[in-house]
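What follows is a single structure, written as structure tokens, with notes after it.
The values are calculated or read from the model by the stated rules, or taken from the named source; none is laboratory data. Given the structure is predicted, the values throughout are model-derived calculations rather than measurements. Neighbour counts run over all protein chains shown; Cβ positions are idealised from the backbone, glycine included. Note: accessible area is taken over every heavy atom of the protein model, side chains too, but ligands, DNA and RNA are not part of it. Shrake-Rupley method; radii C 1.70, N 1.55, O 1.52, S 1.80 Å.
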Amino acid sequence: MDIAFDLNLDHAFAETFRQQHESREAHELILELEDKIGAALSLIMQRHGVLPGVGDRVEVDSEWMVINARTFGQNGSVWLSVKRFEV
């Protein structure tokens, strides 16, 4: 089964990149991290046949991320929000 999904970094998490870097660099870093997270989630889908839900943690480049929101669109689309896992 293949489930298409979209994802974005959590607004507050993305904002930390914007505060630490110039606009263009922050944008590139955010897109790069979103791509890495998306690849990790796709691998989970391939291996386990499930899409992580809210509260699930995903390891990306030796760092833990957590799904903090999941939205289902009327057209069947799935959108995920992801942030850095903090203890």
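So, of the residues in the range 61-77 that are of a type outside the set (F, W, Y) and not in a loop (DSSP other than H, G, I, E, B), which turns out to be farthest from K36 (Cα to Cα)?
Filtering first and then ranking leaves T71.
So that you can scan it fast, the table gives a plain yes or no per residue for (1) of a type outside the set (D, E); (2) in contact with a Lys or Arg (Cβ under 7 Å, 6 or more places away or on another chain); (3) open to solvent by 30 Å² or more (accessible area, probe 1.4 Å):
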{"residue": "D10", "(1), (2), (3)": "no, yes, yes"}
{"residue": "R18", "(1), (2), (3)": "yes, no, yes"}
{"residue": "T71", "(1), (2), (3)": "yes, no, yes"}
{"residue": "S81", "(1), (2), (3)": "yes, no, no"}
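Considering only the range 61-69, I want to know if a residue exists there that is in contact with a strand residue (DSSP E or B) (Cβ under 7 Å, 6 or more places away or on another chain) and open to solvent by 70 Å² or more (accessible area, probe 1.4 Å).
Yes.
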